[in-house]
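All remarks here apply to the structure that follows.
All of the numbers you see were taken from the coordinates with simple rules; none came from a lab. Just so it is clear, the structure is predicted and the values come from calculations on it, not from any experiment. With ideal geometry, Cβ positions are generated from the backbone for all residues, glycine too; neighbour counts draw on all protein chains shown.
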Amino acid sequence: MQYKRILLKLSGEALMGDRQYGIDPKRLAEYAKEIKEVVEKGIEVAIVIGGGNIFRGVAGAANGMDRVQGDHMGMLATCINGLALQSALEDADVKTRLQTALEIKEVAEPYIKRKAIRHLEKGRVVIFGAGTGNPYFTTDTAAVLRAIEIDADAILKGTRVNGIYNADPEKDKNAVKFETITFKEVIEKGLKVMDMTAFTLSEENNLPIIVFDMNTNGNLLKLVSGEKIGTIVDSK
Ligand code: GTP
């Protein structure tokens, strides 16, 4: 399939590169280059980024922190990553806008669906920060929600592995990759693609999810150009 408008979900951890935490400028610049190639093809790109390289609300809660407090910290972490990504994209001459679900308007625009769509139509990359703006929701859920709201063709989930396997490919060398799989099969086989809130939201709204390896140069461009990269989850 050829895509016109995509929502790219990036994990915060991916921004660490080889580091233990924080942001690796080299990785950030690589991502900016990959995204630029797609924008130059005329594809509209919106991005949701996680915050796990800085703070994870769930991990905070596991250490005794109030969950809501931890999730607020996580939301701010996604804004930090969003600002970093915005900077890297603009260094690469890509026009961007950052919109956040929590209002920090001296720093970024508030999330407004109609404005986000307008930016996309003008060829700007729109980065959505602060998740859904609510505790207890993951950035995967935010990604699906925003993708549905802006009527994206699909959500492209960039990961370290190149798709969905019947077992963990990092642990089991006999693991087999699916090229396509249905939402129903994912549930039946107990595979983990996203948390259930995100996954069912995607299923109910017929939003295809593509899981692919974002760390292989050129993959994103190949994927949006219609090459078979990663695994597609859809209703068929
Ligand atoms: P169009 O008028 O549709 O082309 O969009 P635009 O984004 O260029 O117009 P706007 O006047 O809304 O924004 C101009 C600049 O101000 C852009 O860089 C926006 O990201 C930024 N901006 C707009 N609203 C806010 C806000 O509430 N907070 C912050 N920090 N920046 C904003």
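Candidate cross-link partners of LYS177 among the lysines, defined by an alpha-carbon separation under 22 Å and a same-chain spacing of 8 or more, comprise LYS9, LYS157, LYS189, LYS192, LYS222, LYS228, LYS236.
For LYS33, neighbours were defined as the other residues whose beta-carbon sits under 15 Å from its Cβ, and their charges (Lys and Arg +1, Asp and Glu -1) total -3. Scanning residues 5 or more positions from GLY51 or on other chains, those with amide H under 5 Å from its amide H are GLY12, with H placed 1.01 Å from N in the peptide plane. Taking every C-alpha pair closer than 8 Å and separated by at least 6 residues, the mean separation divided by the residue count of segment 5-234 gives a relative contact order of 21 percent. Per residue, the convex hull spanned by the alpha carbons of the chain comes to 123 Å³. Taking Cβ atoms as reference points and 15 Å as the exclusive limit, the residues near ASN217 contribute a net charge of +1, counting Lys and Arg as +1 and Asp and Glu as -1. Dipole of the chain computed with +1 at Lys/Arg Cβ and -1 at Asp/Glu Cβ about the Cα centre; of VAL94, THR216, PHE183, farthest Cα towards the positive end is VAL94. Label-to-label distance, ALA175 versus VAL68, with points set 7 angstrom from Cα along the beta-carbon direction: 3.7 nm. Compared with the direct C-alpha span, the chain from LYS236 to GLU204 gains 10.2 nm at full extension, assuming 0.36 nm per residue. For GLU109, the residues 5 or more places off, or on other chains, whose built amide H falls under 5 Å of its own are LEU98, THR100. Charged neighbours of ASN205, selected by a Cβ distance under 11 Å, balance to -4 (K, R count +1; D, E count -1).
Per-residue ellipticity at 222 nm, computed for the chain from helices alone with -39500 (n - 2.57) per DSSP H run of at least four residues, works out to -11500 deg cm²/dmol.
Going by how many other Cβ atoms sit within 10 Å of their own, how do GLU203, GLU170 line up, fewest first?
Fewest-to-most ranking of GLU203, GLU170: GLU170, GLU203.
Think of each Lys and Arg Cβ as +1 and each Asp and Glu Cβ as -1; about the Cα centre, that makes the dipole of the chain roughly 300 debye. Our coupling estimate for segment 59-65, obtained by passing each phi through the Karplus curve with A = 6.51, B = -1.76, C = 1.60 and θ = phi - 60°, is 5, x, 4, 5, 8, x, 7 Hz, Gly and Pro reported as x.
Between SER225 and ARG19, the modelled label-to-label distance comes to 3.2 nm, taking each label 7 Å out from Cα in the direction of the beta carbon.
Report the residue, chosen from GLY82, GLY226, GLY70, that carries the largest GNM mean-square fluctuation when the chain is represented by alpha-carbon nodes joined by springs under 10 Å. Among GLY82, GLY226, GLY70, the largest GNM mean-square fluctuation belongs to GLY226.
Nearest-5 percent of antiparallel DSSP beta bridges in the chain? Bridges in the chain are about 15 percent antiparallel.
Residues whose amide H lies under 5 Å from that of LEU8, counting only those 5 or more places away or on a different chain, are ALA46, ILE47, VAL48, LEU156; hydrogens are built 1.01 Å from N in the peptide plane.
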